[in-house]
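Participant: The structure is given below, and queries will be raised subsequently.
The values are calculated or read from the model by the stated rules, or taken from the named source; none is laboratory data. All of these numbers come straight from a predicted model, not from anything done at the bench. Counting neighbours? That spans all protein chains shown, and the Cβs are built from the backbone with ideal geometry, glycine included. These area figures cover heavy atoms from the full protein model, side chains too; ligands, DNA and RNA do not enter into them. Shrake-Rupley method; radii C 1.70, N 1.55, O 1.52, S 1.80 Å.
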Amino acid sequence: SLASTAITCFTRGLDLRKETEDVLCPANCPLWQFYVFGDGVYASLSSVCGAAIHRGVITNAGGAVRVQTLPGQENYPAVNANGIQSQVLTRWASSFSVTRTKDTVLEAVGRSVSTARPSTGKRPKKPLDKKAGNKDCKADIAFLIDGSYNIGQRRFNLQKNFVGKVAVMLGIGTEGPHVGVVQASEHPKIEFYLKNFTAAKEVLFAIKELGFRGGNSNTGKALKHAAQKFFSLENGARKGIPKIIVVFLDGWPSDDIEEAGIMAREFGVNVFIVSVAKPTTEELGMVQDISFVDKAVCRNNGFFSYQMPTWFGTTKFVKPLVQKLCSHEQMLCSKTCYNSVNIGFLIDGSSSIGDSNFRLVLEFISNIAKAFEISDIGSKIAAVQFTYDQRTEFGFADYTTKEKVLSAIRNIRYMSGGTATGDAISFTTRNVFGPMKDGPNKNFLVILTDGQSYDDVRGPAAAAQKAGITVFSVGVAWAPLDDLKDMASEPRESHTFFTREFTGLEQMVPDIIRGICKDFLDSKQ
């Protein structure tokens, strides 16, 4: 019989190297953590065990699965089966299918194949290329260590040892995880950045050299500082790699940490909190906010908080923490409003606008589009122009770079004609947003009009909102306020904009971007 390779919950099709491979899925993988794309034929981005459960080949008790590599395809569908909701994917370079293994006898040889371990954080037995590090663990990590009087010098040293062990087990390297350290005390201090060291040895040495600062544990202040300053490209952050801050807290923070948590989420940073020595009952009176952990972590789902009773005997906590930090799919906060939205613009092309004002309208939508990270895996933009008739200028799938989107906006030609806004909303909901319905991004529609519509706008706008589209209405000149409010999503005040002159559009840009981000964050809570 073929020996099968033991894999983890997070092993993806693309992590396997053979055409046909027999694998063994572990038991009790958390279903909600699976990322699966397609049905029957799965994009190789999908979790193998997730696909096998989705297909009914195994249950959550785990077991043997045969994985067959297949060519890539377009339009992997979203289907709910066996407790797993698969997702839509427009196209991917390779696929796989899963079937039951034919052999009755299967010995699980837990061979430490580097392919089968996307997220266990162990190093391959023979590091082929020590410099490259653990390529299966893609992460840019800031360890935010506690340097306050709460922890004291002795426990501070134990904390350094623990962080050092985690750093070594991660498998730091040029193509693996990169780490840096921030010390929280009265004032935060970035001790070293991601770009400073790319070898575990150097990182270990730098951690050993860290001096204890003392002072209040202003963790909130340090978290804000790190979220804003630590992950810039010039400081070594890499594009498309999850940003993670691991906050170590002995006791409790002296300042408010909730606002810092919100800011970190806005910046697309995944915050973990490792709390050691929880406050005792008598100490709780000194804690500003008892639920400080829940407020600061990326998501309050249990995954991002981690507890250790004391700083002694922490070795057994190293590996489970490393596994979490390497679970690429779990980094829910990497999705931000800037890289996870579809924005459709519905542009009034009626004759009352005129050529030069129409240019100002195009400039306005360019300036909104510019703020977002447009790519095949990021945000997407579409535009429809309408009079009595509608014309799709470009759909969400047409352009996947910011340059191409902006040039397509510049090339929109002014139609000139009547105004049927209601029809145009229905057209856009059906033809432009329809294909995106089950995609991962949140959908927004920005309607721009300068006058009274000849048809009903209320019904079509309600239908758009029911289809999961958040509507912002922007009126200029003679656009009636009642119509604008009728089209806008709730709360209507913050989704309705008006200006007398087309030149006033420019000032609205930041408010609309902020509005989109606020709605995005609210929808994720």
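Participant: Where Lys and Arg each count +1 and Asp and Glu each count -1, what net charge lies around residue 314 among other residues with Cβ under 13 Å from its Cβ?
Facilitator: Charge balance near residue 314 sits at +4.
Participant: How large is log10 of I(q)/I(0) for segment 214-366 at q = 0.14, 0.18, 0.21 Å⁻¹ when the intensity is taken from the Debye formula with one equal scatterer per alpha-carbon?
Facilitator: The Debye formula, applied to the Cα set alone, gives -0.76, -1.10, -1.36.
Participant: A further question follows. Would you please give the FRET efficiency between residue 196 and residue 135, computed as 1/(1 + (r/R0)^6) with r the Cβ-Cβ distance and R0 = 22 Å, to the nearest 0.05?
Facilitator: Rounded to the nearest 0.05, the efficiency is 0.60.
Participant: Same structure again: At what distance in nm do the modelled label points of residue 291 and residue 523 sit from each other, each positioned 7 Å from its Cα along Cα→Cβ?
Facilitator: So the two model labels end up 2.4 nm from each other.
Participant: Taking the Cα-to-Cβ direction at residue 481 and at residue 463 and moving 7 Å from each Cα, how far apart do the two end points lie in nm?
Facilitator: It works out to 2.9 nm between the two label points.
Participant: Highest mean first, how do 331-337, 233-239, 133-139 rank when packing is the count of other Cβ atoms within 10 Å averaged over residues?
Facilitator: Result, highest mean first: 133-139, 331-337, 233-239.
Participant: While we're looking at this one, here's another question. With N set to the residue count of the chain, report its C-alpha Rg divided by 2.2 N^0.38 Å to two decimal places.
Facilitator: Taking N as the residue count of the chain, the ratio is 1.09.
Participant: Let me ask you something else. Restricting to Cα pairs below 8 Å that are 6+ residues apart, what does the relative contact order work out to for segment 412-525? Please round to a whole percent.
Facilitator: Dividing the mean separation by the residue count of segment 412-525 yields 22 percent.
Participant: Of 95, 375, 416, which has the most accessible area with a 1.4 Å probe, and how do the rest follow in descending order?
Facilitator: Largest to smallest exposure gives the sequence 416, 375, 95.
Participant: Separate question: Rounded if a/c is under 1.5, else prolate if a/b is larger than b/c, else oblate: which is segment 351-407, with a ≥ b ≥ c the root eigenvalues of its Cα gyration tensor?
Facilitator: Oblate, since a/c reaches 1.5 and b/c is not below a/b.
Participant: Going toward the positive end of the dipole of the chain, with +1 on Lys and Arg Cβ and -1 on Asp and Glu Cβ, which of 367, 292, 172 do you reach last?
Facilitator: Positive-end residue among those listed: 172.
Participant: Next question, about the same structure. Nothing charged except the Cβ atoms of Lys and Arg (+1) and of Asp and Glu (-1): what's the magnitude of the dipole of segment 140-330 about its Cα centre? Round to the nearest 20 debye.
Facilitator: Computed charge dipole of segment 140-330: roughly 620 debye.
Participant: What percent do you get for the relative contact order of the chain when only Cα pairs under 8 Å and 6+ apart count?
Facilitator: Dividing the mean separation by the residue count of the chain yields 10 percent.
Participant: Between residue 511 and residue 79, what's the calculated FRET efficiency when r is the beta-carbon distance and R0 is 35 Å? Round to 0.05.
Facilitator: With a Förster radius of 35 Å, E is 0.35.
Participant: A further question follows. Please report, in whole Å, how far the alpha carbons of segment 341-523 spread along each principal axis, starting with the longest.
Facilitator: Cα spread of segment 341-523 along its principal axes, largest to smallest: 38, 32, 29 Å.
Participant: Okay, next question. Length gain on complete extension for the stretch residue 501 to residue 437, per 0.36 nm per residue less the alpha carbon to alpha carbon distance?
Facilitator: 19.5 nm
Participant: Given a 1.4 Å probe and every protein chain left where it sits, what share in percent of the accessible area of the chain is carbon and sulfur?
Facilitator: 52
Participant: Which sequence of 252, 311 reflects their accessible areas, 1.4 Å probe, from the largest down?
Facilitator: Listed by decreasing accessible area, they come as 252, 311.
Participant: Something else now. Helix-derived [θ] at 222 nm for the chain: sum -39500 (n - 2.57) over DSSP H runs of at least 4, divide by residue count, nearest 500?
Facilitator: Mean residue ellipticity, 222 nm, calculated: -8000 deg cm²/dmol.
Participant: Around residue 190, what is the net charge, scoring Lys/Arg as +1 and Asp/Glu as -1 over all other residues with Cβ under 14 Å from its Cβ?
Facilitator: Result for the local shell: +3.
Participant: Please state, rounded to one decimal and in Å, the Kirkwood hydrodynamic radius that segment 178-220 gives when every pair of distinct Cα atoms enters the mean of 1/r.
Facilitator: Every distinct Cα pair counted, the radius reaches 11.1 Å.
Participant: OK, next. Counting just the Cα atoms, what span does segment 444-497 cover along each of its three principal axes? Round to the nearest Å and put the largest first.
Facilitator: 29, 23, 15
Participant: Where the Cα atoms of segment 5-100 are projected onto their three principal axes, how long is each span, largest first, in whole Å?
Facilitator: For segment 5-100, the Cα spread along each principal axis is 31, 28, 19 Å.
Participant: Running Debye on segment 398-474 with equal point scatterers at the Cα sites and no solvent, what base-10 log of I(q)/I(0) appears at q = 0.23, 0.24, 0.26 Å⁻¹?
Facilitator: With no solvent term, the Cα-only Debye profile gives -1.21, -1.25, -1.29.
Participant: Using the heavy atoms of the protein chains and a 1.4 angstrom probe, tell me the accessible area per residue for segment 140-330 in square angstrom.
Facilitator: Ligands and nucleic acids excluded, the figure is 41 Å² per residue.
Participant: A follow-up question, please. Residue separation times 0.36 nm, minus the C-alpha to C-alpha distance between residue 93 and residue 332: what's the value?
Facilitator: 83.6 nm
Participant: Grab the beta carbon distance between residue 377 and residue 310, set R0 = 45 Å, and tell me the FRET efficiency rounded to 0.05.
Facilitator: About 0.60, to the nearest 0.05.
Participant: Can you tell me the dipole magnitude for the chain around its Cα centre, using point charges on the Cβ only (Lys, Arg +1; Asp, Glu -1), in Debye to the nearest 20?
Facilitator: About 2600 debye.
Participant: For helix 152-170, what angle does its Cα long axis make with the longest principal axis of the chain, in degrees from 0 to 90 and rounded to 10?
Facilitator: 70
Participant: Right, something else. If all Cα-Cα distances of segment 196-282 are sorted into 5 Å bins from 0 onward, what percent lands in each bin, rounded to whole numbers?
Facilitator: P(r) for segment 196-282, in whole percents per bin: 3, 11, 18, 21, 21, 16, 7, 2, 1, 0.
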